[in-house]
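Nothing in this text is a laboratory measurement; each read-out follows from the coordinates by a stated rule. Treat the numbers as computed from the prediction; the structure is a model and nothing was measured. All Cβ positions, glycine included, derive from the backbone under ideal geometry; neighbour counts span all protein chains shown.
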Amino acid sequence: MPAFRPSLLAFLITSLSVQNALAAEADTAFDTATQLEPMVVTAPPMSDVLTVTTDPKAPRQPIPAHDGADLLKNIPGFSVIRKGGTDGDPVFRGMAASRLGILLDGEMILGGCGMRMDPPTAYVFPEAYDEVTVLKGPQTVKYGPGNSAGVVMFERAAPDFSTTPVQGEVSLLAGSADRNDQVAHLLAGGQKGYIDLSGTRSDANNYEDGDGNEVHSAYTRWSTNAALGWTPDNDTRIELSGARSDGEARYGDRSMDGAEFDRSNLGLSYEQENISPLFNNVKARIYRNYVDHVMDNYSLRANSGMKMVSNPDRLTKGASLSSTLALSNTTELEIGVDTQRNEHSLRKASSMSGTPDYESLSRVDDMRFASNGIYAELDHRYNAGHSVHAGVRINKDKAEDLRSNKTTSDTDDNNTLRNGFIRYEHQLNSTNRLYAGLGHSERAADYWERSKNPAATSTMMTGMASTFDIDPEKTTQLDIGALHNSKDVQASVSAFYTKHKDYILIETLPEVSAFASNARNIDATSYGAEADSRWEFTPGWNSTATLAWVHGENDSDHRALGQMPPLEARFGLNYDNGLWSAGALWRLVAEQNRVAEGSGNIVGQDIGKSGGFNVFSLNAGYRPLDDMLLTAGIDNLFDVTYAEHISRSGAAIPGYESTTRVNEPGRTLWLKMQWAFK
């Protein structure tokens, strides 16, 4: 199939203009038509200024997500670094890892694996949450420092028992590669309190790419969540929550697999509304997240040589307190403080004669981090819908190197991080809104960036090199855009221009050894745009179109910035009459010729140029009962063999075909049932 060419950019922009024009004519003809919500979400649109909100329980194509990254890849601007069947790393606007904040019900969770087997999204089963919100760019200071690319929030809604005291949901999914998912959620309560219970499980075998080659990618994952709430009055809610999850996963990009992803969580939150004319609310939260991760090269793959196992863990504790003040009828000020501590430790073992006994070994702490922040964010609304939004944040961050064999051993790195933004929003009329914002974000190096070993371990001396003292990254970004929301057409376009000072670049060092990599500061520039539209051109029928493009420059070395995804567009056609639904999705991705081989971020580095591809998918749905929905789909209908540009390189694994990149799944069939009772 032909590759996607940049000329489609002009086509999409023209399409958006034509849709707006046609919709204006269609308004009169369909004034009495019933507006139908789409049954299958192919690409969530931008719902507010720099905000994308999506329902993770809604049926969608490609195949419904089994982890956080899998869900995010459907949002314009997101890509996923493929490693295997699960636990990919999300990338937004070419920025990955700590540049993109991930919060689960307001809590931070950090993975343990030094090679990013378990990014925060690996511990998310999306359907266990009620809403996922993406905030683009450094345009808020509420959720911690350093979220230069944006913030992703997976959130559960406050319970509502106005109609029934017992409610719940059940869903089942079956698909190719023996994929099977089960989700159950039960909520019961009343005026004074509630109990909320949920459980998820997802399992799949190795999938095949379009050429029929099996990819080392099988996984099993499960999670349980429980919450006990007390609501002494209509304005107060206190909730004690806990979670436990685990799983295993095979990876086609490396020499080890994930044998355990044991996570435990405990949290306590307090919310009170309508306190006084000045104080709208007070919110407080404390939490503890612990991740115990095991990776080895023998339990999930054949191995006749040295058996190795590594067992890192991470303990994250945090707390936050905030309040919203009504300074006037048009002005609100949120003020808050937060703190977070996390400790990382490691133990590992190897054996030629049997299974390594790592559990008898003591853990060795290698790094410790602390962050304390204070912020204020102001929203002021003028008449006629115009508004100004601004915020400032100051954080004191500390990192401690606890390793005993490095040049930076027993040293501290202390940084003061400053973040802020200001944005103006202008309501042109009832359907069109413009905005422009300038934001600044500062981010200290994370565990993975500080762990890089530029001299490898060929001798005891070279193994002592360290990148622990790398400078904080500073990002200044301009965001501009427009939103259109009329009866039949919803559309948006957003663009950004970013200057990165002391950008933390990760490079492989093959001239030193196969295991050597370096972290260093550079100056860089990135810019790009996203666009989306949905047109209800006749009752029951709608079309969708999205576009995402990003360009990155390494200004210090006068070359491309690594790990920039290529131009991508999606087009959808959907029908939904409330009983039956059907849809088609066409995804087109351009070739990427601007690369910096061996250069990128802590998740991956550029492998080389990549070709373009396009993938066509179909879906259908039927609602036999008001509270039951059946959906089915065929992803990659024409069984195309392809890999994402930012995919990790394929590893040499016995019994599997080695590929340049980890290929995406070939033709995939799936069927899903959802039942809700209220």
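List of remarks:
- For Ile480, net neighbour charge (Lys/Arg +1, Asp/Glu -1) across residues whose Cβ lies under 13 Å away: 0
- In summary, the lysines within cross-link reach of Lys192, defined as a Cα separation below 26 angstrom excluding same-chain residues under 8 places away, comprise Lys283, Lys678.
- The percentage of C-alpha pairs in the range 549-678 whose separation is greater than 22 Å is 54%.
- Over the range 565-642, the pair-distance histogram of Cα-Cα distances with 5 Å bins from zero comes to 3, 13, 17, 14, 13, 11, 10, 7, 6, 4, 1 percent, rounded to whole numbers.
- Alpha-carbon Debye profile of the range 92-182, log10 I(q)/I(0) at 0.18, 0.23 Å⁻¹: -0.95, -1.17
- Formal net charge of residues neighbouring Asn234 (Cβ-Cβ distance under 15 Å; K, R +1; D, E -1): -3
- Dipole moment magnitude, nearest 20 debye, the range 161-228 about Cα centre, only Lys, Arg, Asp, Glu C-beta charged: 600
- When peptides 611-624, 98-111, 154-167 are sorted by average Cβ neighbour count within 10 Å, with the highest value leading, the order is 98-111, 611-624, 154-167.
- Bridgeable aspartates and glutamates around Lys307 (alpha carbons under 17 Å apart, same-chain partners fewer than 8 residues away excluded): Asp257, Glu260, Asp296, Asp357, Glu359.
- With a Förster radius of 51 Å applied to the C-beta separation of Ile275 and Thr411, the computed FRET efficiency comes to 0.65.
- Taking only the C-alpha atoms of the chain, the Rg (one decimal) and the largest Cα-Cα distance, Dmax (whole number), read 24.7, 79 Å.
- Cα centroid separation, the range 405-425 to the range 290-332 (Å): 20
- Charge dipole of the range 590-674 (Cα centre as origin; +1 on each Lys and Arg Cβ, -1 on each Asp and Glu Cβ, all else neutral): 60 debye, rounded to the nearest 20.
- Ascending count of other beta-carbon atoms within 10 Å, so fewest first, for Asp471, Asp635: Asp471, Asp635
- Projected over every direction and averaged, the convex hull enclosing the alpha-carbon atoms of the range 371-500 yields 11.1 nm².
- Once the Cβ-Cβ distance of Asn485 and Ser255 is raised to the sixth power relative to R0 = 56 Å, the FRET efficiency obtained is 0.65.
- In the range 110-163, taking the dipole from charged Cβ atoms about the Cα centre, the farthest positive-side position among Ser148, Val124, Pro159 is held by Ser148.
- Taking other C-beta atoms within 10 Å as the exposure proxy, Arg288, Arg648 rank Arg288, Arg648 from fewest upward.
- Each Lys or Arg adds one and each Asp or Glu takes one away; over the other residues whose Cβ falls under 13 Å from the Cβ of Lys348, this sums to -2.
- Where a label projected 7 Å from the Cα of Ile335 along Cα→Cβ would reach, residues of the range 355-388 with amide N under 17 Å: 373-380
- Of every Cα-Cα pair in the range 335-447, the percent that sits beyond 16 Å: 73
- 21 Å Cα-Cα reach of Lys83 towards lysines, excluding residues that sit fewer than 8 places from it in its own chain: Lys73, Lys452, Lys609
- Highest mean first, the peptides 70-83, 175-188, 242-255 sorted by other C-beta atoms within 10 Å per residue fall in the order 70-83, 242-255, 175-188.
- Shape metrics for the range 133-277, restricted to C-alpha atoms - Rg then Dmax, Å: 20.1, 66
- Length added when fully stretched, Ala384-Leu325, from 0.36 nm per residue minus Cα-Cα: 19.0 nm
- Which of Asn303, Ala65, Val489, positive extreme of dipole for the chain (C-beta unit charges): Asn303
- Each DSSP beta bridge with both residues in the chain is either parallel or antiparallel, and the antiparallel ones are about 95%.
- Arranged from fewest to most other beta-carbon atoms within 10 Å of their beta carbon, Thr508, Thr631, Thr53 become Thr53, Thr508, Thr631.
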